[in-house]
Amino acid sequence: MGTSIYSSMSFTKALDYIGTQVGRDITLRQLHTLAVIVSAGPVGIDVTKVGEATQSSAAAVSRNVRVLGTHHYDRSKGEGMGLISIELDPLDNRRRLAKPTDKGVELLKRVLSMLN
């Protein structure tokens, strides 16, 4: 029981850290989305595959990548977090690739180190 409380406290501390770094709270689903994109590496991952990996609807993935990216889906909330970038796939303009930014990679590394 002590271990789960410790882990829970570490996780809360990690989420708070993200909030201070990006200027807003991050949801667990957004953090999971970021982890999937970072794990794909600098080549990026098709946004559709992000949905499959996170078991999220297309609408939820679209919203999350906008929040994690440079432009927030709700313009009244200002800019996005700048943790990923979205680009058209050079081989197929119908697909969008999500790629981690340096800021996104470093932030996720820091969060993972806080959880260990």
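Taking interchain pairs and intrachain pairs at least six residues apart, which have beta carbon atoms under 7 angstrom, with the first residue in region 53-68 and farther than 17 Å from residue 81 by Cβ and the second among the hydrophobic types (A, V, I, L, M, F, W, C) and surrounded by 15 or more Cβ atoms within 10 Å (Cβ to Cβ)?
Partner pairs satisfying both residue conditions: 53/36.
Given (1) free of Cβ contacts under 8 Å to residues at least 40 places away in the same chain; (2) under 22 Å from residue 10 (Cβ atoms), where does residue 93 come up short, assuming only one miss?
Going through (1) free of Cβ contacts under 8 Å to residues at least 40 places away in the same chain; (2) under 22 Å from residue 10 (Cβ atoms) one by one, residue 93 breaks only (2).
Since every read-out is calculated from the coordinates, none of them should be taken as a lab result. Quantities reported herein were computed from a predicted structural model and do not represent experimental measurements. Every residue, glycine among them, receives a Cβ derived from its backbone with ideal geometry; neighbour counts consider all protein chains shown.
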